[in-house]
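Undergrad: Okay, handing you the structure first.
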Amino acid sequence: MIIINYPDPDFRIKKEEGKESIFDILRKKWIVLTPEEWVRQNFIKYLVGIKKYPSSLIATEKELKLGELKKRFDILVYDKNHMPWLMVECKSMEIKLDEAVLQQVLRYNISIPVKFLVITNGSNCFAWEKKDGQLVPCSEIPEMD
């Protein structure tokens, strides 16, 4: 498991009609603040603020196709050549990170091949590097080249 030291949560949050929304700095719009969105926004803040990934190379909640199915990945980081490099699957904090979550991100990886796969529920985080057709566990979130 990887320990993530998140930056202070200085998010813009508003409440309208009984629902909280959080401002997504990447999508540049207000998003309904669900437990999964809280994890996603904190992880984005970690990638940009702590790991220094350029925000211009990060995409969130974009559609992908798995055969006839339409799904959405949570976070996709591109390398400096604008090729998909790292994919993150976010779950709310009460969701256990198990084989089913890993299989979900592996299915997404069929449509969008990346070198690194990450799953997180905010509290726990696991990452793997794909090497020679194998998943090799990572001890930390990779540095960007």
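Undergrad: Could you tell me what % of all Cα pairs in segment 68-124 have separations over 18 Å? Working shown, then result.
TA: On the way: 518 of 1596 pairs.
Tail of P(r) above 18 Å: 32 percent of Cα pairs.
Undergrad: Report the normalised scattering of segment 32-103 as log10 I(q)/I(0) at q = 0.14, 0.16, 0.20, 0.26 Å⁻¹, calculated by the Debye formula with identical scatterers on the alpha carbons.
TA: Once normalised to I(0) and log-transformed, intensities are -0.49, -0.64, -0.97, -1.30.
Undergrad: I'd like to check one number: the per residue accessible area of the chain, probe 1.4 Å, reported in Å² as a whole number.
TA: Values: 8380 Å² over 145 residues.
On a per-residue basis, the chain sits at 58 Å².
Undergrad: Carbon and sulfur together cover what percent of the accessible area of segment 1-64 at a 1.4 Å probe radius? Kindly include the intermediate steps, with their values, before the conclusion.
TA: Values: 1860 of 3790 Å².
Reported share for carbon and sulfur atoms: 49 percent.
Undergrad: Additional query: At 222 nm, what value in deg cm²/dmol follows for the chain if DSSP H runs of at least 4 each add -39500 (n - 2.57) and the sum is divided by all its residues, to the nearest 500? Don't skip to the answer; put the middle values down first.
TA: Working: 2 runs with 28 residues, N = 145.
That calculation yields -6000 deg cm²/dmol at 222 nm.
Undergrad: With +1 on each Lys and Arg Cβ and -1 on each Asp and Glu Cβ, and nothing else charged, work out how big the dipole of the chain is about its Cα centre, in Debye to the nearest 20.
TA: Working: 23 positive and 22 negative charges, 87 e Å.
Dipole magnitude for the chain comes out near 420 debye.
Undergrad: Could you work out how far helix 35-49 tilts from the main Cα principal axis of the chain, as a 0 to 90 degree angle to the nearest 10?
TA: Between the helix axis and the principal axis of the chain, the angle is about 70 degrees.
Undergrad: R0 = 30 Å: FRET efficiency of Asn124 with Ser56, Cβ-based, nearest 0.05? Mind showing how you got there, number by number?
TA: Values: r = 28 Å, r/R0 = 0.95.
Approximately 0.60, to the nearest 0.05.
The values are calculated or read from the model by the stated rules, or taken from the named source; none is laboratory data. Keep in mind it's a predicted model, so treat the numbers as computed, not measured. When we count neighbours, we look across all protein chains shown, and the Cβ atoms used for this are built from the backbone with ideal geometry, even at glycine. Remember, those area values only see protein heavy atoms, side chains included, never the ligands or the DNA or RNA. Shrake-Rupley method; radii C 1.70, N 1.55, O 1.52, S 1.80 Å.
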